[in-house]
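The values are calculated or read from the model by the stated rules, or taken from the named source; none is laboratory data. None of the values given here were measured: they were computed from a predicted structure. Quick reminder, even Gly has a Cβ in these numbers, built from the backbone with ideal geometry, and neighbours come from all protein chains shown. Note: accessible area is taken over every heavy atom of the protein model, side chains too, but ligands, DNA and RNA are not part of it. Shrake-Rupley method; radii C 1.70, N 1.55, O 1.52, S 1.80 Å.
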Amino acid sequence: MALNVGQDFKKRWLNTPEAVRQTYQEDLARICDLLLPHTFTQTWLHQEQQAQQLSEQRIATAYANYKAELLEQARIRKQQALEQALADKRSAQAAYAAQLQADEMQQFQQQTENLLALRQHIDQEISSQTERYQPNPELPSIDFSQPQRAMIDDQQILSELESVRLRLELEAESLIEQAVNVFRMKLQTLAEEEIDYILKNSQFADEK
């Protein structure tokens, strides 16, 4: 008698769960018992019916466990792939944030240098204007025959120049504060995008 096990039997047999292979081996052993001379056929058939039902239950349970194991392995692989994707995204976001921070710092430094240059220019203008309006050491003689021009108070001029200087300093500080606020808003946006991505792709989102 020839037993036809089909093609790729070795591969299919090795891919079968261990409990299923054990059940098949026990079934073959019972078949071999039937061939023994001292085996009583009626008793064997009665026992075989019960053994066959038990074998079917064992095989069904084994395949159910095997399917659950495959699903768990797939879930683990998916989780690992998600974690790797999140790690790659964090790395890319960190590199982007570092580049953005470097660009912002460079712009901030450039604006600071421009504001310092503007302040120096203003100070020079104030000094120049102050020297220009310093009173002469000797007062010229007054010709009362000519109409008198309106006299300008030197203290008033200095006060106006100081007011201009303070106003320009306040404007410079306001520009610096605006640049810092823009940088902080960009960093906050990056953090919120990363948190949203993690929540959407984490296992907690799947459980919902």
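A few comments on the model shown:
- Residue that is farthest from Glu104 (Cα to Cα), among those in segment 183-192 that are open to solvent by less than 100 Å² (accessible area, probe 1.4 Å) and free of Cβ contacts under 8 Å to residues at least 24 places away in the same chain: Glu192
- Any pair with Cβ under 8 angstrom, 6 or more apart, that starts in segment 74-98 at a residue that is farther than 22 Å from Gln188 by Cβ and open to solvent by less than 60 Å² (accessible area, probe 1.4 Å) and ends at one that is modelled with pLDDT under 90 and among the hydroxyl-bearing types (Ser, Thr, Tyr): Leu82/Ser202
- In segment 8-38, the residue that is farthest from Leu70 (Cα to Cα) out of those that are open to solvent by less than 70 Å² (accessible area, probe 1.4 Å), assigned to a helix (DSSP H, G or I) and of a type in the set (Val, Ile, Thr) is Thr23.
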